[in-house]
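Every number here is computed from the coordinates shown, using simple stated rules; none is lab data. Everything quoted here is computed from the prediction, not taken from an experiment. With ideal geometry, Cβ positions are generated from the backbone for all residues, glycine too; neighbour counts draw on all protein chains shown.
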Amino acid sequence: SNYGSERFFSQIGDLTKYNVIIFHSLVYNHAKLAAIIKSKLDIPIIWSPFGFEVYNMLPEFKKGLYLDETKKLVNKARHIKQSLQEIVDYFKAKKIRKAISIVDYCAIAIDSEFELYKSKLNPNLKRFWFTYYPIDLICPPGNSNSDGQNILIGNSAFPSNNHIEAFKLLSTIDLQDREIICPLSYGDKAILKETLAVGESLFGDQFKPLIDFMPIDEYHKLTGSCNVVIMNQYRQQAFGNVLSALWYGSKVYLRPTNTIYSYLKGKGVNIFNIDEDTSQFTNDLKENEIEFNRSFIANEYNKNTIIARTQELLSDFI
């Protein structure tokens with residue numbers, strides 16, 4: 001709350017002593033601070049995007065996130081006071097867009113996402129390869145494949161998951177006794193309520209929503225029972241979840257507009273288009289497909305590689 005104040009600057013000290021400044025996301029307060037720094041000093045700024053500051057705050061990115069049924073839910077969940085919030089968000093978005101336009105580097109692993117930001121927000125943006133997702137930290141040791149036939153949908157109760165459309169797609173397929181695992185432990189409460197209602201009405205006892213946070217071991221056990229994972233977002237979201245699902249040998253379905261899809265497809269990863277490939281939905285990945293996916297992730301996203309690449313890139317500033 002004291003970003004940019006004298007007290008704040010006294011706490012972080014003399015900014016001229018820093019060779020580079022890194023912002024983990026450019027939410028409103030970060031964006032204000034980045035603008036202040038750039039107005040005073042010529043220090044390189046690296047922006048590591050969280051996605052929220054772009055897809056939740058900038059109208060030109062926000063407007064295309066929802067499929068028709070989900071759009072109805074979002075509109076239904078709106079309240080009058082949200083009109084005031086939209087006015088506030090409009091001014092916050094201006095600050096965020098301005099900050100993104102003046103930063104020097106974008107720290108991101110997904111090249112197609114970087115190109116999107118560069119083309120729409122900052123033509124002078126340079127790429128700094130970085131990820132928060134070392135596979136050896138997000139998955140337990142060992143190469144065990146998913147050991148069940150269940151289906152995982154989405155990663156949260158945010159409407160960008162387009163749960164309702166994914167549910168309706170699944171309702172046309174013979175699921176036999178498969179369970180539908182649906183993580184909903186954080187996100188939008190109004191969307192959570194509607195998602196629960198539709199999931200329970202379509203799948204009954206086979207619908208298994210995860211409403212409470214749980215120990216990571218329990219979560220891995222549940223997700224490890226899913227050999228099919230559906231991420232129905234238009235946008236890049238849940239990258240760590242996608243990597244761990246591929247690591248476990250799950251068949252992962254994404255929307256073709258999701259930059260994770262184009263990025264992984266371009267690397268030869270065995271990943272599937274939810275608009276086209278559902279006829280083979282119940283078929284498991286072949287062992288050689290699982291091994292290719294796992295080999296790519298092990299080479300690109302292991303902790304030592306990430307540390308080495310980050311150190312190499314930061315050495316340019318030291």
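Remark: the stretch 138-268 carries a charge dipole of roughly 580 debye about the Cα centre, counting +1 on each Lys and Arg Cβ and -1 on each Asp and Glu Cβ.
Binning the C-alpha pair distances of the stretch 1-127 at 10 Å intervals from 0 yields a P(r) profile of 11, 39, 30, 16, 4, 0 %, listed from the shortest bin outward. How large is Rg over Rh for the stretch 135-301, taking Rg from the Cα atoms and Rh as the Kirkwood inverse mean of 1/r across Cα pairs? With Rg and the Kirkwood Rh in hand, the quotient comes to 0.93. Quick one: among Leu170, Leu84, Leu264, which has the greatest mean-square fluctuation in a GNM of the chain with alpha-carbon springs under 10 angstrom? Comparing Leu170, Leu84, Leu264 in a Gaussian network model of the chain, the most mobile one is Leu84. When +1 charges are put on Lys and Arg Cβ atoms and -1 charges on Asp and Glu Cβ atoms, the dipole computed for the chain relative to its Cα centre reaches about 1560 debye. If you run the Gaussian network model on the chain, springs between alpha carbon atoms under 10 Å, then out of Ile274, Ile191, Ile87 the most flexible one is Ile87.
The Cα atoms of the chain cover 63, 50, 35 Å along the three principal axes, with the biggest extent listed first. Label-to-label distance, Glu200 versus Tyr18, with points set 7 angstrom from Cα along the beta-carbon direction: 4.8 nm. Selection among Ala107, Asn75, Pro123 by position relative to the dipole of the stretch 6-130 gives Asn75 as farthest towards the positive end (Cβ unit charges, Cα centre). Only bridges with both residues in the stretch 6-130 count here: give the DSSP antiparallel percent, nearest 5. Close to 0 percent.
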